1. Roughly how many Å² is the accessible area per residue of the chain, as a whole number, for a 1.4 Å probe?
2. Would you work out the charge dipole size for the chain about its Cα centre, treating the Cβ of every Lys and Arg as +1 and the Cβ of every Asp and Glu as -1, and quote it to the nearest 20 debye?
3. Contour minus end-to-end for residue 73 and residue 48, with contour as 0.36 nm per residue of separation and end-to-end as the Cα-Cα distance?
4. Would you mind telling me the share, in percent, of accessible area of the chain contributed by carbon and sulfur at probe 1.4 angstrom?
5. Treating the angle as unsigned and between 0 and 90°, give the value, to the nearest 10°, between the Cα long axis of helix 64-73 and the longest Cα principal axis of the chain.
6. Could you check how many percent of all C-alpha pairs in region 92-151 are farther apart than 17 Å?
7. Once you put a point 7 Å from the Cα of residue 29 and another 7 Å from the Cα of residue 59, both along the Cβ direction, what distance in nm separates them?
8. Calculate how many DSSP beta bridges within the chain are antiparallel, expressed in % of all such bridges and rounded to the nearest 5.
Amino acid sequence: MRYLLFLLLVLTLFLPAQTEGIHWMSFTDAMAKRDKAPKKIFIDMYTDWCGWCKKMDAETFSNSYLAKYLNDNYYLVKLDAESKEPLEYKGKEFRYVRTSKGGHHELAEELLRGHLSFPSLVFLDENMEMIQPIPGYRDAEELLIISAYFGTGKYKE
């Protein structure tokens, strides 16, 4: 019995702690939460076919330090740039539009300022105003620095 208790103690000391991960929500849910308790919004703009988007999910967003910082400081949205669901932003409805290359969501085009590149990260302030879209893959360390820069308000200086 003592051996079993000792083994359990040793295992809990040396096994990595389990993290909850990132608490993603829909764009609509983030807007509703922001209305009740203002907080900055972080949007991961992705597509299903994007390999770098999948790499960010697997490697970047799985980092426990990054997940904790993002969860504590932002409402976190995962937004499919090819979603067909109509979404409202700043009193305007945005929809999916067909193009010669398939299609995209008008909100993705709006938030990415016309540059549809994936993955892209979008930072909005507490009033839903654009802080900055950031195109391209980011590793956890780089994204932690970027999100802290916006999250702490240093970008205003």
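The values are calculated or read from the model by the stated rules, or taken from the named source; none is laboratory data. Note that this is a predicted model, so its numbers are computed, not measured. FYI the Cβ positions are ideal-geometry reconstructions off the backbone, even for glycines, and counts take in every protein chain you see. Accessible surface areas use protein heavy atoms only, side chains included; no ligands, DNA or RNA. Shrake-Rupley method; radii C 1.70, N 1.55, O 1.52, S 1.80 Å.
1. Numbers: 9710 Å² over 157 residues.
Heavy-atom accessible area per residue stands at 62 Å².
2. Working: 20 positive and 23 negative charges, 34 e Å.
That gives the chain a dipole magnitude of about 160 debye.
3. Details: separation 25, 0.36 × 25 = 9.00 nm, distance 2.66 nm.
Stretched out fully, the residue 73 to residue 48 stretch lengthens by 6.3 nm.
4. Values: 5320 of 9710 Å².
Whole-percent figure for carbon plus sulfur exposure: 55.
5. The two axes meet at around 50 degrees.
6. Details: 838 of 1770 pairs.
The share of Cα pairs beyond 17 Å in region 92-151 comes to 47 percent.
7. With each label placed 7 Å out from Cα toward Cβ, I get 2.8 nm.
8. Numbers: 17 of 26 bridges.
Taking every DSSP beta bridge with both residues in the chain, the antiparallel ones total about 65 percent.
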